[in-house]
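Heads up: the structure comes next, in structure tokens.
The values are calculated or read from the model by the stated rules, or taken from the named source; none is laboratory data. Because the structure is predicted, anything quoted here is derived from the model rather than measured. With ideal geometry, Cβ positions are generated from the backbone for all residues, glycine too; neighbour counts draw on all protein chains shown. Heads up: the accessible areas ignore ligands, DNA and RNA and are worked out on the full protein's heavy atoms, side chains in. Shrake-Rupley method; radii C 1.70, N 1.55, O 1.52, S 1.80 Å.
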Amino acid sequence: AQSVTQLDSHVSVSEGTPVLLRCNYSSSYSPSLFWYVQHPNKGLQLLLKYTSAATLVKGINGFEAEFKKSETSFHLTKPSAHMSDAAEYFCVVSPSHAGKSTFGDGTTLTVKP
Amino acid sequence: DTAVSQTPKYLVTQMGNDKSIKCEQNLGHDTMYWYKQDSKKFLKIMFSYNNKELIINETVPNRFSPKSPDKAHLNLHINSLELGDSAVYFCASSLAGGEQPQHFGDGTRLSIL
């Protein structure tokens with residue numbers, strides 16, 4: 001069994017300030033974890049993934065996430081927000097073998113000028 | 001060039017009609033998915049096919065019928081459309097295995113009048 005909780009439904013930051021989007025998961029096995037971004041009227045795009053290699057994962061557009069097994073967390077960060085980062089972000093947990101992915105409810109990131 | 005393409009992009013129709021959405025991927029993936037995204041941006045998996053075989057069939061009304069003529073195509077037919085079917089439907093594809101990221105189309109926005 002697996003589940004994922006995105007702790008904030010909305011996050012608002014000013015341009016140039018750090019971004020933190022929080023994600024907790026539960027899984028009865030070693031999971032794969034993903035962050036996807038969805039811009040308006042677009043499909044989801046992979047930002048980064050964790051698959052039991054390095055715990056600090058670097059993704060596209062300056063985003064990174066750290067897998068913390070003891071805290072069952074996979075929070076997404078970016079040092080400096082850009083206006084183009086405004087979008088919906090989804091945290092996803094998947095079994096490493098074949099099986100169904102579980103999507104979080106999403107976090108809407110707003111970036112103020 | 002588009003990796004996962006869905007047609008049509010917009011679909012406006014009357015209650016009770018039957019409609020189809022088509023999806024094609026040129027990534028050489030063997031697994032394809034249909035998702036429904038509601039007005040609150042929640043994503044719910046509906047179906048998944050691997051090598052033309054149905055492997056995930058969530059609790060979806062049997063008015064929804066997927067069909068995979070080959071590995072590169074996954075279509076969704078909906079009978080007797082209802083108001084609650086209004087949503088954005090996303091097609092996605094991946095290589096087999098939960099550790100593989102999914103590639104999404106840009107969605108089909110279905111509006112029922």
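Most fluctuating residue of B:84, B:28, B:98 in a GNM of chain B with Cα springs under 10 Å: which is it?
Its mean-square fluctuation being the largest, the pick is B:98.
Work out the FRET efficiency for residue B:13 and residue A:105 from their Cβ-Cβ distance, taking R0 = 25 Å, and round it to the nearest 0.05. Working shown, then result.
Details: r = 28 Å, r/R0 = 1.14.
After rounding, the FRET efficiency stands at 0.30.
Taking DSSP loops as anything outside H, G, I, E and B, show the longest stretch in chain B free of GluC sites (Glu not before Pro) there with at most 16 other beta carbons within 10 Å.
Numbers: sites that count: B:58, B:82.
Longest gap between qualifying sites, sites excluded: B:1-57.
What's the longest bit of chain B with no exposed trypsin sites (Lys or Arg not before Pro), using DSSP loop states and at most 16 other Cβ atoms within 10 Å as the test? All intermediate terms of the calculation are to be shown ahead of the outcome.
On the way: sites that count: B:9, B:40, B:41, B:52, B:63.
Looking at chain B, B:64-113 is the longest stretch - no exposed trypsin sites (Lys or Arg not before Pro) with at most 16 other Cβ atoms within 10 Å.
Provide a whole-number value for the mean count of partner chain Cβ atoms within 10 Å of the Cβ atoms in peptide B:93-100.
Details: counts 0, 2, 0, 2, 8, 16, 13, 8.
Mean inter-chain Cβ contacts per residue within 10 Å come to 6.
So if I average 1/r over every pair of distinct C-alpha atoms in the protein assembly as shown and take the inverse, what Kirkwood radius in Å does that give? Could the numbers behind the result be given before it?
On the way: mean 1/r = 0.0552 Å⁻¹.
So the Kirkwood estimate lands at 18.1 Å.
Using alpha carbons only, how many angstrom separate the centre of the range A:3-23 from the centre of the range B:20-61?
Between the Cα centre of the range A:3-23 and that of the range B:20-61, the gap is 27 Å.
Using just the alpha carbons, could you tell me how many Å³ per residue the convex hull of the range B:60-113 encloses?
Values: hull volume 5.6 nm³, N = 54.
Considering the Cα atoms of the range B:60-113, their hull volume per residue is 103 Å³.
Given chain B, what count of lysine pairs have C-alpha atoms under 15 Å apart, with each pair 8 or more places apart or on different chains?
11
Under 1.5 on a/c is rounded, so check that first for the range B:4-112, then, if it is not, pick prolate when a/b is larger than b/c and oblate when it is not; a ≥ b ≥ c are the square roots of the alpha carbon gyration tensor eigenvalues.
Taking the square roots of the gyration eigenvalues as a ≥ b ≥ c, the range B:4-112 is prolate.
Which FRET efficiency, nearest 0.05, do residue A:84 and residue B:44 yield, Cβ-Cβ r, R0 30 Å? Mind dumping the intermediate values first?
Details: r = 28 Å, r/R0 = 0.93.
Using R0 = 30 Å, I get an efficiency of 0.60.
How far apart, in nanometres, would the label points at residue B:60 and residue A:3 be if each is projected 7 angstrom from Cα along the Cα-to-Cβ direction?
Result for the modelled spin labels: 2.5 nm.
Loop only per DSSP, at most 14 neighbouring Cβ atoms within 10 Å: give me the chymotrypsin sites (Phe, Trp or Tyr not before Pro) in the range A:3-112, ordered by residue number. Mind dumping the intermediate values first?
Values: sites: A:25, A:29, A:34, A:35, A:36, A:50, A:63, A:67, A:74, A:89, A:90, A:103; in loops: A:29, A:63.
Qualifying residues, ordered by number: A:29.
Which of the GluC sites (Glu not before Pro) found in the range A:57-97 are in a DSSP loop and have at most 13 neighbouring Cβ atoms, other than their own, within 10 Å? Walk me through the numbers on the way to the answer.
Values: sites: A:64, A:66, A:71, A:88; in loops: A:71.
Those satisfying the criteria are A:71.
Rg (Å, one decimal) plus Dmax (Å, integer) for the alpha carbons of chain A?
13.4, 43
If you find the alpha carbon centre of the range A:58-75 and of the range A:85-103, how far apart are they in angstrom?
13 Å
Along the charge dipole of chain A, pointing to its positive end and built from +1/-1 on Cβ of Lys, Arg, Asp and Glu, which listed residue (A:32, A:63, A:82) has its Cα farthest out?
A:32
With a 1.4 Å probe and all protein chains kept in place, how do A:83, B:32, B:15 rank by accessible area, largest first?
Numbers: A:83 75, B:32 5, B:15 110 Å².
So, going from the largest accessible area down, we get B:15, A:83, B:32.
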